[in-house]
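Where a number appears in this text, it was derived from the coordinates with a stated rule and is not lab data. Please read these numbers as outputs of a predicted model, since none were measured by experiment. No Cβ is skipped: glycine too gets one built from the backbone with ideal geometry, and neighbour counts run over all protein chains shown.
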Amino acid sequence: MVAASAPAVAIPRLDLSGYPAAKQGLKRWVIQPSGLLPKSEDAMISAHPLDWRVQLIVGKEVDVDCNVKRLSGPSLSMQRLPKASGKALFEVSGPVLVLSTRMACRPEQAKGKSFLSLGKQPYLIPYNASWPVVVDLPDGVELRWRVWKAETRQQEAVKL
């Protein structure tokens, strides 16, 4: 019996040349987008990487209870790197704090953990499998990401 092997996947080489070291108090997070993402079975979703975006989600896993919690801190900033040919360094340069109401919770109210994201709007950058996405964050803050793919259909705007 011959076992079928999984298809080979090309993994781009992680190249951080041209990036300065992370500043003191910041931890480096790196995303290396794959050049071979599975295509959508939906014909309405673009299969072309130029139509894709990477959403950077900066946040923290926190304990939750009956109180409303949110993160507060500086927004994600981008710095173009002159020695890195179009590459960019993303950074949150200050502390990220958890703000909370201070209500007394009943013992029977559910408690758990939840990931809170910093900022209200998604932070989208172009999808590029050739370059890593490098993000420096304060200790205790983490980076998550997801890919957004555009529809193939274009719609006309209303001219006023």
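Within the stretch 49-71, the set of residues being free of Cβ contacts under 8 Å to residues at least 40 places away in the same chain and either touching a Lys or Arg at 6+ places or on another chain (Cβ under 8 Å) or at positive phi (or both) comprises just one member, Asn67.
Pairs linking a residue in the stretch 121-134 that is in contact (Cβ under 8 Å) with a residue 24 or more places away in the chain to a residue that is assigned to a strand (DSSP E or B) and of a type in the set (Lys, Arg), with Cβ atoms under 8 Å and 6 or more positions apart or on different chains, are Leu124/Arg53; Ile125/Arg53; Pro126/Arg53; Tyr127/Arg53; Val134/Arg28.
Taking the stretch 73-110, which residues are touching an Asp or Glu at 6+ places or on another chain (Cβ under 6 Å) and either small (Gly, Ala, Ser) or not in a loop (DSSP other than H, G, I, E, B) (or both)? Reasoning before the result, please.
From the stretch 73-110, those touching an Asp or Glu at 6+ places or on another chain (Cβ under 6 Å) are 77, 91, 105; that's our starting set.
Result: Ser77, Glu91.
Could you check, for the stretch 68-91, whether at least one of its residues is farther than 30 Å from Leu16 by Cα, touching a Ser or Thr at 6+ places or on another chain (Cβ under 7 Å), exposed (fewer than 12 other Cβ atoms within 10 Å of the Cβ) and not charged (D, E, K, R)? Looking for residues that are farther than 30 Å from Leu16 by Cα, touching a Ser or Thr at 6+ places or on another chain (Cβ under 7 Å), exposed (fewer than 12 other Cβ atoms within 10 Å of the Cβ) and not charged (D, E, K, R), one finds at least one in the stretch 68-91, hence yes. Residues in the stretch 83-130 that are among the polar types (S, T, N, Q) and closer than 30 Å to Lys149 by Cα were compared, and the one that is nearest to the chain's Cα centre (by Cα) is Ser117.
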